[in-house]
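FYI, it's all coordinate maths here, none of it is from the lab. Model, not experiment: these values are computed from the prediction. Because the Cβ atoms are built from the backbone with ideal geometry, glycine has one as well, and the counts that use them run over all protein chains shown.
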Amino acid sequence: MPRVLFSGYYGFGNAGDEAVLAASVHLLRQRRPDLEIAALSADPWTTRRDHPHVVGIPRMRLPALLAELRRADLLLSGGGSLLQDRTSLQSLLYYLAILILACRLRRPAMIFAQGIGPLRRPAAQRLTAAVLQGTQAITVRDAESAALLREIGVRRPPLEVTADPVFALAPERTARVQALLGGDARPRIGIALRPWPGDEGAAEAVATALRQAAPGAEVLLWPLHPALDLPVAEQLAASRKLSGRGARVVRKALRPGEWLALAERMDTVIAARLHALIFAAAGGVPAVALSYDPKVDALRRQLCLPDGGRLDAPDPERLAAALRAALDFSPRDRQAFQVRVAALAHAAARNADVACGLLDSA
């Protein structure tokens, strides 16, 4: 049976990255039910548990990694924002090293639905371009990533703009999702904040905007990466500006499809994580973006969603105006929004088509 290996930010407890893996596996298995799938993971046991029939491989154990690369018929590097040097140069070098090893072992490799950049260092740009030109296919999730690759000199293989695989994720409408919902208070608002340099006033700005634009709302706080996001969610839940409004922190470790099912029950989502924005959009819910990265701005513009301003310079008045706009989406706006989301779901499926094409041609 053909076997693919995913290289990505898996096993770290980040709901967005786990959703990328779940959606990618689903899309591939729709096309190739016989496919064996493995994933490099920081926590192989959890990856096996949370992704049925996916084999978790220790990402930092070189013998296991090399053995899996030799078994693989195709390496899929992605999705997510793997090839960037903002968080650290070490991270970029790790993901490029996996691609280099695949090339040395003569294993086909594909850049799979990645968001590229930023690449601030000239050396990082040159190395990334050199390595990527040795791959067999490249799909990226947005036009900005494609433009960056062309700018740094990537001329081959063919480059295609698709969409994040999570747009094609199926919701899991489970009893524990239903149990997270409160009474009949509306609007129901999900909030996904994250720590970010300069965000010290973000929680209070969100609380002020909620008090101004959505008094009496049911508020659910989403720590999509609990190790980082839970303290921010708890800070917002404890805000005196939300006292008596029933703001609750989602503490259950939801599966990716459950996060999507929860998102589709919201009236809007204030999203300071990219995949909170995608969960909302895939669930048909207009969201408010709090930008911390160009990838968030790009998706917000693509979906024509309200602009909540910057996470590192929070403006309560601007955020309140954006929140009102999202809650007041007209039927015509909502219909146009749903058409855009459907187009992205179709584009997301294209990632799996390209990968299966490489398997078929091997």
- Task: Taking the Cβ of each residue in T46, T139 as the centre, tally the other Cβ atoms inside 10 Å and list the residues starting with the fewest.
- Result: T46, T139
- Note on the structure: Labelled set (i) 23.2, 77; (ii) 20.2, 61; (iii) 19.7, 65; Rg and Dmax of the Cα atoms in Å computed from this model equals the value at (ii)
- Task: Evaluate the Debye formula for the stretch 175-343 with equal point scatterers sitting on the alpha carbons, no solvent, and hand back log10 of I(q)/I(0) at q = 0.09, 0.10, 0.12, 0.18 Å⁻¹, in q order, two decimals.
- Result: -0.25, -0.31, -0.46, -1.12
- Message: If you wrap a convex hull around the alpha carbons of the stretch 3-161, what volume per residue comes out, as a whole number of Å³?
- Response: 104 Å³
- Message: At a 10 angstrom cut-off on C-beta neighbours, averaged per residue, how do the peptides 227-233, 260-266 rank from highest to lowest?
- Response: 260-266, 227-233
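With both bridge residues required to lie in the chain, what share of the DSSP beta bridges run antiparallel, to the nearest 5%? Provide the component values of the computation, followed by the final result.
Values: 1 of 39 bridges.
Around 5 percent of the beta bridges assigned by DSSP in the chain are antiparallel ones.
Given 10 °C and 1.306 mPa s, compute D for the stretch 196-278 with the Stokes-Einstein relation, Rh being the Kirkwood radius over Cα pairs; round to the nearest whole µm²/s.
Working: Rh = 13.4 Å.
Diffusion coefficient, whole number: 119 µm²/s.
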- Note on the structure: Expressed in angstrom and rounded, the centroid-to-centroid distance over alpha carbons for the stretch 6-36 and the stretch 193-265 is 27 Å
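How long are the three semi-axes of the equivalent ellipsoid of the stretch 184-238, in whole Å, if each is the root of 5 times an eigenvalue of the C-alpha gyration tensor, listed from largest down? Numbers along the way, then the final one.
Working: eigenvalues 82, 36, 11 Å².
So the equivalent ellipsoid measures 20, 13, 7 Å along its semi-axes.
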- Item | Sum of -39500 (n - 2.57) over DSSP H runs of 4+, divided by residues of the chain (222 nm, nearest 500) | -14500 deg cm²/dmol
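Restricting everything to alpha-carbon atoms, can you work out Rg to Rh for the stretch 99-140 with a Kirkwood hydrodynamic radius?
Details: Rg = 10.8 Å, Rh = 11.0 Å.
Ratio of gyration radius to Kirkwood radius for the stretch 99-140: 0.98.
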- Pick out which of R318, R188, R31 has the largest mean-square fluctuation in a Gaussian network model of the chain, springs linking Cα atoms closer than 10 Å. R31
- Task: Would you mind computing the Rg to Rh ratio of the stretch 79-206 from its alpha-carbon coordinates, Kirkwood style for Rh?
- Result: 1.11
- For the residues C103, C356, what sequence is obtained by ranking on other C-beta atoms within 10 Å, fewest first? C103, C356
